[in-house]
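Worksheet for the structure shown next.
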Amino acid sequence: MQRDKFFKEIENLNHPNEKLIKTHCSYCGMQCGMNLRVNTQTNKIIGVEPRYDWPVTVGKMCPKGVTAYQQTNHKDRLLKPLIRDDASLKGTAEGFREASWDEAYDLIAKKFKELQTEYGKDSLSVFSGVSMTNEKCYLTGKFARVAMGTRYIDYNGRFCMSSAAGGFLRSFGVDRGSTLPWTDIHETDCLFIAGSNTAECHPTSMFRIWNVQERGGYIIVVDPRETPIARRADLHLDLKPGTDLALANGIVHQLIGMGYIDEEFINKHTNGFEETKELVKEFTPEYTSMLTGVAPEKIIRAAEIYGKAPNAVVMFARGVEQQHKGVDNVSAYTNMALVTGKIGRPKAGVATFTGQGNGQGGREHGQKSDLLPGYRKITNPKHVEEVCSVWGITPEEMPQPGVSAYEMIELMEQKTIRGLYLLCSNPAVSAPNLNFVRKAFKALDFMVCSDFYLSESAEFADVILPSVTWSEDEGTVTNIEGRIIKINKAQEPVGESKPDWQIQVELAERLGRGKYFSHLKTAKDVADEFRLATKGGYADYYGATWDKIDKQDGVFWPCKDEKDEGTPHMFLDKKFYHPDGKAKICALPYRPPAEEPCEKYPLRLTTGRVVYHYLSGNQTRRIPFLHDMCPEPYVEIHPETAATYNMEHEERVRLFTRRGEAIYKVKITEAIRKDTVFVPYHFGHEESINLLTIAALDPISRMPEFKACAAQLEKVELKKVQ
Amino acid sequence: MKKRLYLELENCIGCRSCLAACTQCGGHEERNRNYVYDVNPLVNRQTMPLMCLHCENPACARSCPAQAIQIHETGAVLSALVEKCIGCQNCTIACPYGIPKFDQEQNIMYKCDLCIDRTKDGIPPMCASVCPSNTLQWLTDEEIDNKKKQFNLDNGKWVTSMPYLEGETNVKVNLPGILQGITKLF
């Protein structure tokens, strides 16, 4: 593979009595390459060394990456299974006792069987995550459907990536988060970045992004906040939260009007242009400005820069996707690339920033309620048959499609779902409308949680199973680019903790379904079956063997067989994955956010990340350096807004919406719109901003609208805080 | 080939990876020895890192009555020698950039040593290794000269030099404005 200009030929420092284990960070979709330093006497991880030879990030790491190794031997690790005998203590960290694996397994099997006998197969559910390997994601889907026999499985990607998936599927017929490798993006001429606080959420992209500007290229940023990347952008479109669809339509209107479209590309390779042209007619700069709050000149200028650029990449993230029209937003921004033909060649395309470590692979291999491995549909009899032949069950045994993550929680509250097996996720912090979610978890008859720390969600469990961190297991992960990479084992599991795949194999045995799982004795066994199960699917991983991944610095999917080197650039042949080979330009009418500001709730609340924490913070809040840098959440308010409420910097105030309230410290900054407030979402219990967020779901992706709801602020009396 | 630390302040995104990385360098005992400032926190998110500039004639070493601060042959100004430092804190007062920190418990000064265990063997210091925004870079003199040609401020004064700073330094700093004068591609 050709090395790009950032490649450094530097040897790593080898300390005496240490070995370096090549692997990747445990956190976001960048999956930065790193070496874990392992003491050869104690065989424990003791530190980190940059991995200069990794082509995507060449040794660069954010503060989370630098300190990630500290989670493995952390004092808070769960070392033995825990059982709670007194259900009245649910929702607290109290009342757990240590137990043996046998006792925990016996209890789980007994309770699961009892519930299914009394209330039917579908009374159980699985809620999983995508910060885990492809192999684990795959096996979790199989475990739910084959070992538990339930239709109810879904995952936290519904809070993270599913709108991007829905948008790409509709526009291209396939969902790979980036149509080009990251080693291309600094060579493009214009980056159009919407709804992404890239500097804080994907910092190791920044050296490539700044390089675009240093070469004379342009950066256009769409964000209600003046994030570090918006601060230096050539153009910052500071829209009202939740109005992206209008902005994208407005820009497409300008691209058409100003003659920047590629008619040949549109005619040969797309459908839907005429309808879209008709629909965006009304989105004049003035009308778009009225809806979005962005000045008309900025909209015109953005279209001009993007339109003129020989190559450009449209990029977006959760700001665009976590809305109740997230799928439409994704398709609408994708329209920009399709009408101008800036896709299907190097240095141009569309990309979404993956939030979770395996946000890409995790959604392809059967953890979603409607999907089977290799991006196969559970509603397609042919797809079901293909997977059944690998699993050794009959198509009749395959459960029906279930419902999305938040809808599963609703079924728990309604007592349709009675039991839950939760792994690798912390919905008691990360789901919207948390007061309801907590009520739903309390309503469960029986809950199992697998985690390596006692998370806020584990506090609702009856049994907690100690699992391992990413450095105690091996497997593959698919990064932000669609590149399949290898995670390597650096130390043996601490205490009695076990990898999730092993837990599932052992639990399947207890549930009487051992014959479908007992051949899986190592992570490699799971990997081999997993590759086979994806063979022939859209997301075909069959050719991505661990050897090839090592040799090629990762393999881009689809990779169909031994000879296939993978597919770094998508659509080079201008063939899209819809049956007629064409992409779809989507005509998408504008809809406002589900909840608009009103007299009682005049502000718009939006949420997001800080650079020091990952997702619900269950891991990063325990790392001393990261905790010290950002120990608590805050509410960002514009100075003029703060003045109208008579609020001062660092004063504690009450923020409330129709769903809940919480008290936060004020952070005054001019870097936010006057009509908007922002709170980071990484904090638990009474500090969680998701007590306030709205569970309005996108009709296609079923993703909640975390990014916009109506809110109000109030001063609090000091005595209330104390 | 001799390389120097080079700071492009305007690239800084405030992630403080450099601080986290500093704690990982051998011999730093998990204490970081550099700083990142919020330039104007109530207004915007501009931040800037402040590292030891490894002066050619360092005030910290000049002011040390015990000669505890040595200068390595690579130009790195080292942390106080444990056996010599008397804990007088002259160096922390003398340094115009406020770099040396003082450990009250051990009664000793500690400061950036440019990861001497790495840089003496041609391996970049930890802060520059990990810096995701290319604010901190580890460059040859030739590469720094190229940067100088590329990023040319109107006033021609672009890197730290007399009389603007304490004196000549081994670390080079690019003042804000690096994009000034860039010719746009289109």
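The values are calculated or read from the model by the stated rules, or taken from the named source; none is laboratory data. Remember, predicted model here, so these are calculated numbers, not experimental data. Counting neighbours? That spans all protein chains shown, and the Cβs are built from the backbone with ideal geometry, glycine included.
Some points to look at:
- A single member of B:22, B:15, B:60, B:55 is buried (at least 19 other Cβ atoms within 10 Å of the Cβ), more than 12 Å from every other protein chain (Cβ to nearest Cβ) and modelled with pLDDT of 95 or more, and it is B:60.
- Close Cβ contacts (under 9 Å, 6 or more residues apart or on different chains) running from residues in segment A:174-201 that are farther than 27 Å from residue A:575 by Cβ and more than 14 Å from every other protein chain (Cβ to nearest Cβ) to residues that are buried (at least 23 other Cβ atoms within 10 Å of the Cβ) and charged (D, E, K, R) comprise A:195/A:223; A:195/A:244; A:195/A:318; A:195/A:321; A:195/A:707.
- Residue in segment A:42-53 that is under 26 Å from the mean Cα position of the chain (by Cα) and within 22 Å of residue A:493 (Cβ to Cβ) present: yes
- Test: residue in segment B:61-76 that is under 30 Å from residue A:230 (Cα atoms) and out of contact with any helix residue (DSSP H, G or I) (no Cβ under 6 Å at 6 or more places or on another chain): no
For every residue, the table says whether it meets (1) surrounded by fewer than 21 Cβ atoms within 10 Å (Cβ to Cβ); (2) not hydrophobic (A, V, I, L, M, F, W, C).
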site	(1), (2)
A:521	yes, yes
A:526	no, no
A:534	no, yes
A:545	yes, yes
A:549	yes, no
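- Subset tally (residues that are out of contact with any strand residue (DSSP E or B) (no Cβ under 9 Å at 6 or more places or on another chain) and either part of a strand (DSSP E or B) or crowded, with 24+ Cβ neighbours inside 10 Å (or both)) for segment A:684-709: 1
- Selection count, segment A:304-325, where residues are within 14 Å of chain B (Cβ to nearest Cβ), in a helix (DSSP H, G or I) and either crowded, with 23+ Cβ neighbours inside 10 Å or not hydrophobic (A, V, I, L, M, F, W, C) (or both): 4
- Sub-8 Å Cβ pairs linking a first residue in segment A:646-663 that is within 14 Å of chain B (Cβ to nearest Cβ) to a second residue that is of a type in the set (Lys, Arg), at least 6 apart or interchain, are A:647/A:715; A:649/A:667; A:650/A:665; A:650/A:667; A:651/A:665; A:651/A:715, ordered by first then second residue.
- The residue pairs whose first member lies in segment A:64-77 and is within 14 Å of another protein chain (Cβ to nearest Cβ), whose second member is of a type in the set (A, V, I, L, M, F, W, C) and part of a helix (DSSP H, G or I), and whose beta carbons are closer than 7 Å, counting only pairs six or more residues apart or on different chains, are A:64/A:626; A:66/B:20; A:66/B:21; A:66/B:130; A:67/A:625; A:67/A:626; A:67/B:20.
- Boolean, residue A:250 is assigned to a helix (DSSP H, G or I), within 14 Å of chain B (Cβ to nearest Cβ) and touching a Ser or Thr at 6+ places or on another chain (Cβ under 7 Å): no
- Residue satisfying condition, being within 30 Å of residue A:454 (Cα to Cα), at pLDDT 95 or above, crowded, with 19+ Cβ neighbours inside 10 Å and in contact with a Leu (Cβ under 6 Å, 6 or more places away or on another chain), within set A:677, A:653: A:653
- Single condition residue B:177 does not satisfy, out of (1) surrounded by 15 or more Cβ atoms within 10 Å (Cβ to Cβ); (2) at pLDDT below 85; (3) within 11 Å of chain A (Cβ to nearest Cβ): (3)
- Options A:246, A:295, A:233; residue that is in contact with a Leu (Cβ under 7 Å, 6 or more places away or on another chain) and either among the aliphatic types (A, V, I, L, M) or surrounded by fewer than 24 Cβ atoms within 10 Å (Cβ to Cβ) (or both): A:246
- Only one of A:39, A:35 that is surrounded by 22 or more Cβ atoms within 10 Å (Cβ to Cβ), without any contact (Cβ under 8 Å) to a residue 60 or more places away in the chain and more than 10 Å from chain B (Cβ to nearest Cβ): A:35
- Answer residue from segment B:104-152, given it is part of a loop (DSSP other than H, G, I, E, B) and acidic (Asp, Glu) and is surrounded by the fewest Cβ atoms within 10 Å (Cβ to Cβ) among those: B:105
- Checked against the criterion of being within 30 Å of residue A:647 (Cβ to Cβ) and within 14 Å of chain A (Cβ to nearest Cβ), the candidates B:9, B:42 yield just one match: B:42.
- Selected residue [without any contact (Cβ under 8 Å) to a residue 24 or more places away in the chain and part of a loop (DSSP other than H, G, I, E, B)] from A:379, A:354: A:379
- The single condition from (1) of a type in the set (Lys, Arg); (2) closer than 22 Å to residue A:68 by Cα; (3) not in a loop (DSSP other than H, G, I, E, B) that residue A:489 fails is (3).
- Residue identified as more than 18 Å from residue A:337 (Cβ to Cβ) and in contact (Cβ under 8 Å) with a residue 12 or more places away in the chain among A:261, A:266, A:300, A:251: A:300
- Considering only residues in segment A:351-381 that are of a type in the set (Lys, Arg) and touching a helix residue (DSSP H, G or I) at 6+ places or on another chain (Cβ under 6 Å), the one that is nearest to residue A:183 (Cα to Cα) turns out to be A:363.
- Test result for residue A:465, touching a Pro at 6+ places or on another chain (Cβ under 6 Å) and within 24 Å of residue A:109 (Cα to Cα): yes
- Leading residue by the ranking (modelled with the lowest pLDDT) among those in segment B:96-151 that are of a type in the set (Lys, Arg) and more than 14 Å from residue B:51 (Cα to Cα): B:149
- Residue check for residue A:626: on the phi < 0 side of the Ramachandran plot, aliphatic (A, V, I, L, M) and either in a helix (DSSP H, G or I) or surrounded by fewer than 21 Cβ atoms within 10 Å (Cβ to Cβ) (or both): yes
- Some residue of segment A:393-402 being in a loop (DSSP other than H, G, I, E, B) and buried (at least 22 other Cβ atoms within 10 Å of the Cβ): yes
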